[in-house]
Amino acid sequence: MFFRRFFYFFGKVVNGTRQRAFINFLNIGTIAISLLVLSTFLIIFFNMNRLLDSWKDEFRATVYLDDNISLKGMARVKKRIADSPEVETVKYISKIEAIHILRETLQADDSAFEGLEINPLPSSFELRFKREYFGFKKIESFVTKIKGFNEISDIEYDREWVKGFSTFLNYFGVGSLMLGIGLFLAAVFIISSTIRLSVFGRGDELEIMRLVGATNFFIRAPFFIEGLIQGLFGALLSIGLLYAVYHVSISTIGNSISLYLRGPSLSFLPLDFVLGIVFGGILIGVSGSMVSLERFLRI
Amino acid sequence: MIQMFHVYKTYPNNHIALVNLSLKVDRGAFAYIIGPNGAGKTTVLKLILCVERLTKGQIFVDGTNITRMRKSSIPYLRRRIGGIFQDFKLLNHSTVFENIALAAEVVEARKRKVKKKVWDALGLVGLHNKSDLYPYQLSGGEQKRVAIARAMVNNPLILLADEPTDNLDPEVAVEIMNLLGTINVHGTTVVVATNNPRVLHENQGNVFVLGKLEDRQRFNGSG
């Protein structure tokens with residue numbers, strides 16, 4: 001009985017799709033375009049996040065150690081820094097390594113350092129921070145805490161860059177959230193309006209079904225399946241279009257952008273985002289159908 | 001079969017449609033509800049079909065008090081009542097066969113049985129040869145026959161017909177009334193709402209007269 005009914009409803013959807021091919025095409029097209037706008041935003045947001053994360057990863061702070069520090073003291077400081085929740089990695093740079101790095105940075109030969117009787121550069125720890133702890137206030141409070149250690153002579157980092165970048169990240173987060181919500185609501189509104197129009201266009205059919213004794217389930221089921229199919233196809237179409245746009249962008253300007261921004265190469269949306277768009281499309285398709293139908297099922 | 005006790009109906013816009021209406025239609029009877037436009041004839045049929053809910057009173061259909069019937073039970077009541085509506089209510093993008101099958105599919109999932117029921121109903125109204133046509137390709141009388149076939153496809157206990165002869169040529173109107181008479185002879189209780197008193201001369205049956213509310217001539221009848 002269940003399968004017979006299911007095939008009956010499915011058959012009704014197939015017949016209905018054939019009879020109202022244009023309206024169905026319009027619904028799928030509207031879903032696809034609305035989701036394409038949303039997923040374009042998502043892919044930009046996703047790649048921006050990756051870029052910003054790579055910039056966060058590049059950020060380093062250098063903790064200079066007192067010249068008179070003992071090995072035990074050095075180990076103790078390293079442990080305390082490494083145990084801080086903000087810190088991702090701690091790398092020790094000895095005085096000799098420091099001079100090598102300086103030499104490489106200045107691209108100078110040995111003659112430049114010949115007059116030096118002692119190595120003036122201090123040993124240090126180079127710190128990398130966890131992404132989730134990146135932020136001006138968090139780094140400032142960490143620095144204040146570390147500066148209290150006697151064994152540390154100084155901490156150096158690009159304070160102005162952190163400050164500016166943190167402010168940008170805050171605006172970026174809030175702006176993305178608002179834009180994302182706005183685009184999502186616009187997509188829901190446009191899709192549900194289109195579906196509502198097509199459901200209203202079938203008002204006579206719904207009224208007749210009610211009058212001849214169709215249960216609400218009997219009326220809803222084909223609309224549920226239709227909404228699901230339209231949502232699924234609309235979402236898949238939007239993903240397909242997005243991939244085509246992405247592919248063309250990658251092969252033309254992709255490398256230039258990543259080189260210019262000194263970030264990772266452009267990437268397509270990860271699987272969970274893609275699945276989210278597909279399920280979102282199905283959800284909007286089904287709920288749009290069901291909500292539009294309610295006014296016809298009141299009696 | 002149908003009993004109405006002191007029924008009142010006021011629409012949400014405060015339009016009073018029925019005041020203290022009582023009537024009784026016996027099983028297997030042929031009944032007329034007659035009155036001018038706006039007297040509340042269609043409202044009576046809508047109340048029996050639960051398309052509208054009454055304001056006050058009691059209605060029994062086949063022994064069931066439908067006054068406070070749960071929404072989920074209404075479809076099952078409607079399956080026992082066939083309705084022929086003034087505006088036909090046929091789907092123009094569906095064929096005659098599909099229009100009738102729609103009502104059959106509501107209660108029957110098996111295709112073969114649906115097909116048999118539709119052919120039986122088409123046989124009843126004499127439209128076998130028009131099954132593949134669309135309603136807009138039919139005359140008014142034929143469209144009315146399709147509506148009758150759809151109403152009868154599930155062998156209902158009661159057939160409600162709202163102005164079945166409206167806008168039909170006299171000879172076609174007679175054919176339609178004869179068809180309703182035949183349906184009644186086979187055991188279906190038929191209730192016809194009409195403003196055409198000439199219909200009464202052609203058939204015998206219980207007559208309930210509804211007057212305009214302004215005339216204070218609401219009829220309290222019994223069958």
(message) Going Cα to Cα from B:Lys111, which aspartates and glutamates come in below 18 Å? Please leave out same-chain ones fewer than 8 positions away.
(response) B:Glu98, B:Asp120, B:Asp132
(request) Compute the Cα gyration tensor for segment B:115-210, then decide on rounded, prolate or oblate, letting a ≥ b ≥ c be the square roots of its eigenvalues: rounded whenever a/c is under 1.5, prolate when a/b is larger than b/c in the other cases, and oblate in all that remain. (result) oblate
(message) Given a 10 angstrom Cα cut-off, can you work out which residue in A:Lys72, A:Lys95, A:Lys56 is the most mobile in a GNM of chain A?
(response) A:Lys72
(message) In Å², and per residue, what accessible area does the protein assembly as shown have when probed at 1.4 Å with the other protein chains present?
(response) 52
(request) Output the peptides A:26-32, A:264-270 sorted from most to least packed, where packing is the average of other Cβ atoms within 10 Å over each peptide's residues. (result) A:26-32, A:264-270
(request) Determine the shielding of peptide A:9-15 by partner chains: average, over its residues, the number of Cβ atoms on other chains within 10 angstrom of each Cβ. (result) 1
(message) Below 17 Å, Cα to Cα, which aspartates and glutamates can A:Lys130 reach? Residues fewer than 8 away in the same chain don't count.
(response) A:Asp53, A:Asp57, A:Glu58, A:Asp83, A:Glu86, A:Glu88, A:Glu140, A:Asp158
(request) For chain B, with all protein chains present and a 1.4 Å probe, just round the carbon and sulfur fraction of the accessible area to a whole percent. (result) 49
(request) Find the centroid of the Cα atoms in segment A:253-293 and in segment B:145-206, then give the distance between the two in whole Å. (result) 60
(request) List the lysines whose Cα lies under 26 Å from the Cα of B:Lys113, skipping any in the same chain that are fewer than 8 positions away. (result) A:Lys12, B:Lys89, B:Lys130, B:Lys144
(request) Return the subset of A:Lys78/A:Lys147; B:Lys46/B:Lys115; A:Lys56/A:Lys95 for which the Cα-Cα distance in this structure is over 25 Å, preserving the input order. (result) B:Lys46/B:Lys115; A:Lys56/A:Lys95
(request) Measure nothing but the geometry: give the 0 to 90° angle between the long axis through the Cα atoms of B:170-185 and the longest principal axis through the Cα atoms of chain B, rounded to 10°. (result) 80
(request) Give the carbon-plus-sulfur fraction of the accessible surface of segment A:1-117 in %, rounded to a whole number; probe 1.4 Å, heavy atoms of protein chains only. (result) 62
(message) Taking the full set of protein chains and a 1.4 angstrom probe, give the accessible area of B:Arg53 in square angstrom, rounded to the nearest 10.
(response) 70
(message) What is the distance in Å between the Cα centroid of segment A:157-208 and that of segment A:1-36?
(response) 26
(request) At most 15 other Cβ atoms within 10 Å and a DSSP loop assignment: could you name the trypsin sites (Lys or Arg not before Pro) in segment B:103-184 that fit? (result) B:Arg110
(message) Taking the 0 to 90 degree range and rounding to the nearest ten, how far is the long axis of helix B:96-107 tilted relative to the main principal axis of chain B, both from C-alpha atoms?
(response) 60
(message) Give me the summed buried accessible area for the B-A pair, 1.4 Å probe, to the nearest 100 Å².
(response) 2000
(request) Take chain A, connect every pair of alpha-carbon atoms lying under 10 Å apart with a spring to form a Gaussian network, then pick out the residue of A:Leu177, A:Leu271, A:Leu228 with the largest mean-square fluctuation. (result) A:Leu271
(request) Kyte-Doolittle cut-off 0.5, length cut-off 15 Å along the helix's own axis using Cα: show which whole DSSP H helices in chain A pass. (result) A:21-58, A:159-200, A:216-249, A:271-294
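The values are calculated or read from the model by the stated rules, or taken from the named source; none is laboratory data. The model shown is predicted, which means the values in this text are computed figures rather than measured ones. We place every Cβ from the backbone using ideal geometry, glycine too, and count neighbours over all the protein chains shown. Heads up: the accessible areas ignore ligands, DNA and RNA and are worked out on the full protein's heavy atoms, side chains in. Shrake-Rupley method; radii C 1.70, N 1.55, O 1.52, S 1.80 Å.
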